[in-house]
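Below: the structure, in structure tokens.
The values are calculated or read from the model by the stated rules, or taken from the named source; none is laboratory data. Only a predicted model underlies this, so the values are computations on that prediction, with no experimental measurement involved. Cβ: placed from backbone, ideal geometry, glycine included. Neighbour counts: every protein chain shown.
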Amino acid sequence: MVFGFKKRKPFPDTKSPFFEILSRQAAKTLEGLEALWNFAENGTKENANLVRNIEHEADELRRILIQELDQTFVTPLDREDIYNLSRAIDDVVDYANTTVDEMEVYEVKGDEHIKKMVNILRKAARELNDAVKILKDYPKIALEHAVKAKSYENQMEKAYHLALAHLFKGTDTIYMLKMREIYRHLSNAADRSDEAANIISSIVMKHT
């Protein structure tokens, strides 16, 4: 006689909204990086404000998640993992916003290096979005997306150093200082993306 066994689900069936909110956060961060790309291509005030509006919406989602954590006794993931993943995802779009702010304050346009770095960021954001979106139901596939997201951090490191090397060949010290700060913000955004991918990987390893 053959008995059928249902595969154990990696996460408990609860009505908690955390997977949904995290997914909305990841989608909003991807939206912010796409908007940053448009700003790097065409630095209009309209494009700048779009990045800012998206960042504000992302902050609101982060506040909702924190309040839900405060009000929920049993969570489907470790509280620290939920909080830290939310923070890392939100940090990425925060850096997109500060990049826009600094480009406007310093009155600089998106050069080829900024565009390359932003393109790397939005590719990583797509992988993170895909990972978080299916984390609850398909954690192993989510892990694959997280690993891909991590690979873009290495690409960013190379792009960042290449940008600095090219920048330091110039003679305009003020311009060099301005651009170095912007490049640093984009590199930091990639670090936060890498952190989010690491947290996703850790979650999958704990629950599968």
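Here are Phe39, Phe73: which of them is within 23 Å of Ala190 (Cα to Cα) and out of contact with any Asp or Glu (no Cβ under 6 Å at 6 or more places or on another chain)?
Sole residue among the options that is within 23 Å of Ala190 (Cα to Cα) and out of contact with any Asp or Glu (no Cβ under 6 Å at 6 or more places or on another chain): Phe39.
Starting from the range 14-34, take each residue that is closer than 23 Å to Thr98 by Cβ and list its partners that are in a helix (DSSP H, G or I) and hydroxyl-bearing (Ser, Thr, Tyr), counting only C-beta distances under 9 angstrom and pairs at least six apart or across chains.
Once the first residue is closer than 23 Å to Thr98 by Cβ and sits in the range 14-34, its partners that are in a helix (DSSP H, G or I) and hydroxyl-bearing (Ser, Thr, Tyr) give Leu22/Ser86; Gln25/Ser86; Thr29/Ser193.
Kindly evaluate Val147 against the criterion of being in a helix (DSSP H, G or I), at pLDDT 95 or above and buried (at least 18 other Cβ atoms within 10 Å of the Cβ).
Answer is no for this residue.
If I filter the range 51-60 for residues that are in contact with a Phe, Trp or Tyr (Cβ under 9 Å, 6 or more places away or on another chain) and in contact (Cβ under 8 Å) with a residue 40 or more places away in the chain, do I get at least one hit?
yes
Can you confirm whether the range 124-134 contains a residue that is under 14 Å from His185 (Cα atoms), at pLDDT 95 or above and not acidic (Asp, Glu)?
no
Has the range 161-175 got at least one residue that is touching a helix residue (DSSP H, G or I) at 6+ places or on another chain (Cβ under 9 Å), under 23 Å from Thr29 (Cα atoms) and at pLDDT 95 or above?
no
I'm checking my understanding of the structure. Among residues of the range 152-184 that are of a type in the set (Gly, Ala, Ser) and either surrounded by 13 or more Cβ atoms within 10 Å (Cβ to Cβ) or in contact with a His (Cβ under 6 Å, 6 or more places away or on another chain) (or both), which one is nearest to Ile120 (Cα to Cα)?
Across the range 152-184, the extreme among qualifying residues is Ala159.
Are any of the residues in the range 155-170 in contact with an Asp or Glu (Cβ under 7 Å, 6 or more places away or on another chain), assigned to a helix (DSSP H, G or I) and closer than 21 Å to Leu33 by Cα?
Scanning the range 155-170 turns up no residue that is in contact with an Asp or Glu (Cβ under 7 Å, 6 or more places away or on another chain), assigned to a helix (DSSP H, G or I) and closer than 21 Å to Leu33 by Cα.
Sort out which residues of the range 108-122 are without any contact (Cβ under 8 Å) to a residue 60 or more places away in the chain and surrounded by fewer than 17 Cβ atoms within 10 Å (Cβ to Cβ), and write them in order of number.
Selection gives Glu112 alone.
Taking the range 123-139 as the search range and keeping residues that are without any contact (Cβ under 8 Å) to a residue 60 or more places away in the chain and in a helix (DSSP H, G or I), which one is nearest to Ile82 (Cα to Cα)?
Among those residues, the one meeting the criterion is Ile134.
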